[in-house]
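What follows is a set of notes on a single structure, which appears directly below.
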Ligand code: GLY
Ligand code: MN
């Protein structure tokens, strides 16, 4: 955990933003795999970590703004727990490390909250994403479980998003630590990418690196020779010469900050001409986006600039045609690039998505588009110094999507379907890096991971 003053400062800022009421933060619990004592590895709730820093299950954090009190509700281990799990510092001592003096047993939580409700005080909470948290909040707040998600506090969501969006220097260091381990994972996997290896072998080698640093993955690795499937978690294929391999992976640092990187390389490290041509378009699009990032620019604008670059490149290859500005306006390029340019990154890989993507990526002036492709953009609003975000353009040839659009003759003034059919088995290419917005412009975080065609082809040696 960070020093106590980090959490104290964050809680203080939250109190100022909220102004009044009580903010209740349920920490996560152990989640059973197949019977209660056999659990998935424990992952604390990110907002709980942000404000309270305590990385163990069965805790509640409470901030009483009106009374200026901060309390952790939780229990010390029983002798039975200690026999199986070993000694743990006392909760009182752990709480002190994050600047909290008051610790109360869990049994006190329910009467405390019921008392607030009886007094007519507002109890703010964030939208829960685990069913047991929904049920617990329903019990505590005396509300039907179905009303709990919708009853989350918009004020608390907005205040939390405002704070967590602007990264502190210590948070950037954590993201860079995660990125540097992620780089090691990539260097291993890229070197292994020869015909005959299986996807699982590469996935296993990558995860082994993460574990050897005492880290876990920030999300399940995407590693596939079928990169046209955007979030493909199947790893059952053998690598075949001539195929492209998409690897989208990242670890979370020991303090749980995520990295999110994507590289695409040809199996056997030699691009075919067709592969190189498309790869260079995606790379140029990514470099254009990286340069455009600065405080004050809406990320939607950067996304659309990237679409222009890719659509122009596709026109040069004869895959698109007509007026490219108009084509992008109408969304024709989304046949090849059906997702958004990127998202915020932090304690979650899609940072704060659980609080509601529209609170994180949109606001009163920038509303989500209904257009296919653009509608998937997770971050559209104006960038500010301190934001950390991903830049991840891609070009994909998705057979079912192509078949549908071709049959409907969709955007046929902009898409050369007969040429597209020559690429039907191409797969996909995505390139992703993580960037800090600073007042002086973009700072690509982490040490470099091979990305240029020559760098990738030289891995063969
Ligand atoms: N790394 C997966 C994603 O950004 O959706
Ligand atoms: Mn990403």
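None of the figures in this text is laboratory data; all of them are computed from the coordinates on show. Here the structure is a predicted model, which is why all the values come from computation and not from measurement. Note that we place each Cβ from the backbone using ideal geometry, even for glycine, and neighbour counts take in every protein chain shown.
Once you put a point 7 Å from the Cα of residue 75 and another 7 Å from the Cα of residue 16, both along the Cβ direction, what distance in nm separates them?
3.9 nm
Using 0.36 nm per residue of separation minus the Cα-Cα distance, give me the extension gain between residue 114 and residue 358 in nm, one decimal.
The residue 114-residue 358 span can extend by a further 84.7 nm.
Just to confirm my numbers, what's the Cα centroid distance between region 175-224 and region 352-400 in Å?
What the calculation gives is 26 Å, centre to centre.
For the ranges 366-373, 298-305, what's the packing order if you count other beta-carbon atoms within 10 Å of each residue, average per peptide, and put the highest first?
So the order, starting with the most tightly packed, is 298-305, 366-373.
Ordered by packing density, taken as the mean number of other Cβ atoms within 10 Å over each peptide's residues, highest first, how do 53-64, 139-150 rank?
Most protected by this proxy first, the peptides run 53-64, 139-150.
In degrees between 0 and 90, to the nearest 10, how far off the longest principal axis of the chain does helix 199-212 point, with axes built from Cα atoms?
The answer is roughly 40 degrees.
Antiparallel as a % of all DSSP beta bridges within the chain, to the nearest 5?
Here the antiparallel bridges make up roughly 90 percent for the chain.
Apply 1/(1 + (r/R0)^6) to the Cβ-Cβ distance of residue 317 and residue 370, taking R0 = 45 Å, and write down the FRET efficiency to the nearest 0.05.
E(calc), rounded to 0.05, equals 0.95.
Could you work out the helix-only [θ] at 222 nm for the chain, with each DSSP H run of four or more residues adding -39,500 (n - 2.57) and the total divided by the number of residues, to the nearest 500 deg cm²/dmol?
-11500 deg cm²/dmol
Tell me, what is the FRET efficiency for residue 129 and residue 162 to the nearest 0.05, using R0 = 22 angstrom and their Cβ-Cβ distance as r?
The pair residue 129/residue 162 has a calculated efficiency of 0.65.
Along each of the three principal axes of the Cα atoms of region 347-406, give the extent in whole Å, ordering the values from largest to smallest.
Sorted largest first, the three principal extents are 42, 23, 21 Å.
Expected output is a single nm value to one decimal: the length gained when fully extending between residue 453 and residue 192, i.e. 0.36 nm times separation in residues minus the C-alpha distance. What is it?
92.2 nm
Just want the ordering: 415, 395, from fewest to most Cβ atoms lying within 10 Å of their own Cβ.
Exposure proxy ranking, most exposed first: 415, 395.
At residue 121 and residue 409, where each label point lies 7 Å from the Cα along Cα→Cβ, what is the point-to-point distance in nanometres?
With each label point 7 Å from Cα toward Cβ, the separation is 6.8 nm.
Normalised by the empirical 2.2 N^0.38 Å for globular proteins, what value does the Cα Rg of the chain take?
Normalised Cα radius of gyration, the chain: 1.06.
Answer rounded, prolate or oblate for region 333-461, using the Cα gyration tensor with square roots of eigenvalues a ≥ b ≥ c: rounded when a/c is under 1.5, else prolate when a/b is larger than b/c, else oblate.
In terms of gyration-tensor shape, oblate.
Cα convex hull of region 252-325: mean projected area in nm², to one decimal?
7.5 nm²
So how do 425-431, 212-218 stack up, highest first, on mean other-Cβ count within 10 Å?
Highest-to-lowest ranking by the protection proxy: 425-431, 212-218.
Could I have the simple spin-label model distance between residue 82 and residue 438, label points 7 Å from Cα toward Cβ, reported in nm to one decimal?
Modelled inter-label distance: 4.9 nm.
Averaging the inverse of every distinct alpha carbon separation and then flipping it gives the Kirkwood radius. What is it for region 190-265, in angstrom units?
12.6 Å
Going by a ≥ b ≥ c, the root eigenvalues of the Cα gyration tensor, does region 128-212 fall in the rounded group (a/c under 1.5), the prolate group (a/b larger than b/c) or the oblate group?
Oblate.
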